[in-house]
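A.B. asks: Dropping the structure in here first, questions after.
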Amino acid sequence: MPDINSLISFAIASIALLVIPGPAVLYIINRSVSDGRTIGFAGVAGIELGTFMHVLAATAGLSAILATSPNAFNTVKYLGALYLVFVGLRTLTRRPAAIDSSASSMTKLQAFRQGFIINTLNPKIALFFLSFLPQFIDQDKNKNALQALILGIVFVTCGFITDGIYAVTASSLREVLAKGKTLPFVQRYIAGVVFIGLGIVAASAKIS
């Protein structure tokens, strides 16, 4: 098990990285503003479960395979990119439903599933764990895989906290946006363009 100093340092570094908006944060903000806090938190749960899949993969050494095998890396990369572009195009071509701040256009299961897919098929997370976790693993101790798993759980926990704050903050703006024409525009055009942009960014990820 990592010592307490390594855990604290890792937690601080994780929070500093997690507060930077990326695909997961933008997804949570979009869901929270469009559909409310409950749906936003369902998206958070899916995002964090997707992150935990990468934790398990890193623990088992799959991240190393992704980083050293172009074919494996490209498979995950393009699956994730295609999904994001698909969601973006579908969003752009659909007229948003009339906004009712007491109801949601997406179920909790749908938000959870989308969040899970977005993070699970994000190859940058696999590369992140490959490069980030080893810095906090004590090579002089046994059970390196257990150390990696514990650090990964700490990262997921920090993610729940920071993403949860994003969900609460974004959902608090829903009532204001629902009174005007801003939210439908955000739901359709801004969200659509953002998802397509995220897909392009994901497709451009390279092994360093």
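Read-outs throughout are calculated quantities, based only on the coordinates presented, and are distinct from any laboratory measurement. From a predicted model like this one, the values you see are computed outputs, not experimental measurements. Don't worry about glycine lacking a Cβ; one is built from the backbone with ideal geometry, like all the others, and counts go over all protein chains shown.
A.B. asks: First select every other residue whose beta carbon is under 12 angstrom from the beta carbon of residue 40; then total the charges, Lys and Arg +1, Asp and Glu -1.
C.D. replies: With Lys, Arg at +1 and Asp, Glu at -1, the neighbours total +2.
A.B. asks: If I model a spin label at residue 165 and residue 185 as a point 7 Å from the Cα along the Cα→Cβ vector, what separation in nanometres do I get?
C.D. replies: So the label points at residue 165 and residue 185 sit 3.0 nm apart.
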